[in-house]
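I have placed the structure first, in the form of structure tokens, so that the comments after it can refer back to it.
Nothing in this text is a laboratory measurement; each read-out follows from the coordinates by a stated rule. Bear in mind the structure is a predicted one, so any value in this text is a computation, not a measurement. Every residue, glycine among them, receives a Cβ derived from its backbone with ideal geometry; neighbour counts consider all protein chains shown.
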Amino acid sequence: MSSPAATRSATTGLLAIALAAALWAGAAVLARTLFDDGVEPILVAEARSIVAALGLLLIAAVAGRRRTDRSAANGPDRTSGRMLSAQLIALGLSIALVNAAYYVAIEHLPVAVAIVLQYTAPAIVVGWAALVARRRPGRDVIVALVAALSGVVLVSEVFLAGSTGSLDTFGVAMGLASAVLFATYTLLAERVTAVYGAVGAMRRAFLVASAFWLVVQVPQGWPEVLVAPDHVWRVLAIGVFGTLAPFLLYVWGMSRVAAERASIAATLEPVLAAAVAWLWLGQALGPAQIAGGMLVLGAVASLNAVPRRRRETKLPVG
């Protein structure tokens, strides 16, 4: 039986992830307005990583490195330096590429299909944890996973006649790639955050992501479109409030709930994006979308009914 302290910790973690999902949802709607204004999605993916990295460096400078980092020697995991460096690089690259893959998927597929493909990620996380990390999911996790994925299908309305049409193979590949990358950074962030803490892990990961995008962008020249007066404030908002803040909240929340539960809770994003689009853009919500939203909300709420046990300190990453 879980202690009141464990219950409070799990609740706090899920609330942090829910807030992260809300910020991601708002950023998705804001990014869409940039796309509609002719800004290339890849440029938005680049900019959000670089803005987040600069913000995290500023946090480290203001707060002091010792206060934002957790010492690897004192952390719960004694991963070798070489392995940890490889995990950090993989984490940074997965963060850099997840949104790019999703944006490309949206260009080649109906948005509903891209959403459903990306949010198969929780199934990948739960499967990996069970098969590789040997963390057998509880019945509550399995039920919440099925309910959350069903809710995403309903919210996206991918089942509507004519909503899929003839699917573009490349688009499907990019949608699945975004799911794999989402699952990858979730699993790697769980490990790296245990060593460096949320701020330290994300600062290092976003520096890797930024370095990758700079290598890609420098040969193409300065992206003037991003700093246009009508665009720059949206780019900064997406970088700070749609990237830096939610990623910190997500990995901080994950330190209080296992990666499996965190990834399921993240399915709140498409639900909240639909709500933001309804409030901000006046897009109507159908009965199926409302039912799907209730399913996802119920799934996330159920995760807190039986807080997870303290995860093992040795987590195979493979």
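Miscellaneous remarks
- At 0.890 mPa s and 25 °C, Stokes D of segment 219-288 from Kirkwood alpha-carbon radius, µm² per second: 164 µm²/s
- DSSP H segments from the chain that extend 27 Å or more along their own axis, Cα-based, with Kyte-Doolittle mean of 1.0 or above: 4-36, 41-63, 81-108, 169-217
- Dipole orientation for the chain: of the candidates Gly253, Val227, Ala183, Gly253 has the Cα lying most toward the positive pole (charges on Cβ; Lys, Arg +1; Asp, Glu -1).
- Ranking Met83, Phe206, Val51 by Cα position along the charge dipole of the chain, where only Lys, Arg, Asp and Glu carry charges on their C-beta atoms, puts Met83 farthest toward the positive end.
- Debye, to nearest 20: dipole size of the chain, +1 on Lys, Arg Cβ, -1 on Asp, Glu Cβ: 1860 debye
- Between Glu107 and Asp37, the simple label model (points 7 Å from Cα in the Cβ direction) yields a spacing of 1.9 nm.
- Its convex hull of Cα atoms gives segment 149-238 a direction-averaged projected area, equal to a quarter of the hull surface, of 9.4 nm².
- Kirkwood hydrodynamic radius of the chain, Cα pairs, Å: 19.8 Å
- FRET efficiency estimate (nearest 0.05) - Cβ-Cβ, Val62 to Met83, R0 25 angstrom: 0.20
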